[in-house]
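Visitor: Before anything else, here's the structure in question.
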Amino acid sequence: MSVPSAAGGSVADGVDELAWMARAACRYEDPELFFPVSAKSAGAAQAAEARDVCLACPVIEQCRDYALRTRQDAGIWGGLTEEQRQALHRRKSGVRRSVGATSLRAVWGMTETSVADLDEESEDG
């Protein structure tokens, strides 16, 4: 029997949904690495180190999708900073308003170029 969860679905579904975490590259890292205290100076270097771990991770897409879907507001998830995730949410809202509902993959599909675009958006926003 599965128990309903606050986010919809069930607790059993949530356990299956998080199975990717067992394959994450970050599972062997200090969790503090992924939660820099600042986006500047030493914090920026720490964020870059965390993103390097993410770029080598076999489940980077699942991590990124999870963070975006659950609106994780702190830390580096799927190689994205808080500011980059916020920029994606703003972008997604604009796309949905202009063309209707669309898939997460279509709105949040990432390339290295689009990550650079997010950096610019997060600085402007």
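The values are calculated or read from the model by the stated rules, or taken from the named source; none is laboratory data. None of the values given here were measured: they were computed from a predicted structure. All Cβ positions, even for glycine, are placed from backbone atoms using ideal geometry, and neighbour counts span all protein chains on display.
Visitor: Within region 1-18, does at least one residue satisfy the condition of being over 14 Å from Gly78 (Cβ atoms), of a type in the set (A, V, I, L, M, F, W, C) and modelled with pLDDT of 90 or more?
Guide: So far as region 1-18 goes, no, none of its residues is over 14 Å from Gly78 (Cβ atoms), of a type in the set (A, V, I, L, M, F, W, C) and modelled with pLDDT of 90 or more.
Visitor: Taking region 56-65, which residues are loosely packed, with under 12 Cβ neighbours inside 10 Å and assigned to a helix (DSSP H, G or I)?
Guide: Narrowing region 56-65 to residues loosely packed, with under 12 Cβ neighbours inside 10 Å: 56, 58.
None; the set is empty.
Visitor: Now, a different point. Please go through (1) of a type in the set (A, V, I, L, M); (2) at pLDDT below 90; (3) in a helix (DSSP H, G or I) for Ala45 and return the number of the only condition it doesn't satisfy.
Guide: (2)
Visitor: Six or more apart or on different chains, Cβ atoms under 7 Å: show the pairs whose first residue is in region 47-70 and without any contact (Cβ under 8 Å) to a residue 40 or more places away in the chain and whose second is among the charged types (D, E, K, R) and outside any helix (DSSP H, G or I).
Guide: Short answer, once both residue conditions are applied: Val53/Glu29.
Visitor: Could you tell me which of the residues Gln86, Gln72 is of a type outside the set (Gly, Ala, Ser), part of a loop (DSSP other than H, G, I, E, B) and either within 16 Å of the chain's Cα centre (by Cα) or modelled with pLDDT under 90 (or both)?
Guide: Numbers: Gln86 fails: part of a loop (DSSP other than H, G, I, E, B).
From the options Gln86, Gln72, the qualifying one is Gln72.
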